[in-house]
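**Student:** Have a look at this one before I ask anything.
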Amino acid sequence: MTDRDIVALFFARDERAIREFDRSLGALCYKIALDLIGDPGAAEECLNDTRLRLWNAIPPEDPASLRAYAARIVRNLALNRLDRERSAKRNAVLEELDEAAELAGASFEEEYIRSAAMKEILESFLAGRTKIEAVVFVRRYFSGESAKEIGRTTGLSPVRISRMLKKLRRDLAADLKKGGIEV
């Protein structure tokens, strides 16, 4: 069945359109999502969302190339999912740093933006750490890597990394207090 035949099934609101789409373009759309996201379950969800979007968009849309149209939909869905996951990861990382700043009575983001002293304290804090502590701290709080990801590159267990990060946050809070960072 050609792309035009499948589009005609969508226009007729025939449920065979979904089956024919899967047979013809399902594997391609799944591969696009999987290549972008890297998670088979998430790629399957993107494929399901693509099916729904196609069903809801055709008609009134009448794509000249169903292949290109579906590929664009699945690509955008996968990229949007990646953006949401990265945003959530960044927010989680900032919350951890806020925990350390709150112990010192300050908001980390606000103080960092407002104060050059924050930069000096952070640089001094990192300079006073062992190389592995500094690497773990930077990879977590500036690169947003998980303890598991850091463990793969450092050879440390995720549990040890989590404990190290907790201690580093407490030490940073103490350094912030010593440096006079207060709200």
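Just so you know, all these numbers are worked out from the coordinates, no wet-lab data involved. No experiment lies behind these values; they were computed from the predicted model shown. Quick reminder, even Gly has a Cβ in these numbers, built from the backbone with ideal geometry, and neighbours come from all protein chains shown.
**Student:** Please compute the Kirkwood hydrodynamic radius over the stretch 3-85, one decimal place, Å, based on all pairs of different Cα atoms.
**Tutor:** One over the average 1/r among Cα pairs gives 12.6 Å for the stretch 3-85.
**Student:** With +1 on each Lys and Arg Cβ and -1 on each Asp and Glu Cβ, and nothing else charged, work out how big the dipole of the stretch 3-85 is about its Cα centre, in Debye to the nearest 20.
**Tutor:** Here the size comes out at about 140 debye.
**Student:** For ARG86 and ASP35 in the same chain, what is the full-extension length gain: residue separation times 0.36 nm, less their Cα-Cα distance, in nm?
**Tutor:** 16.7 nm
**Student:** Compare the Cα positions of ASN48, ALA27, LEU79 along the charge dipole of the stretch 3-85 (+1 at Cβ of Lys, Arg; -1 at Cβ of Asp, Glu; about the Cα centre) and return the one farthest towards the positive end.
**Tutor:** Farthest along the dipole direction, towards plus: ALA27.
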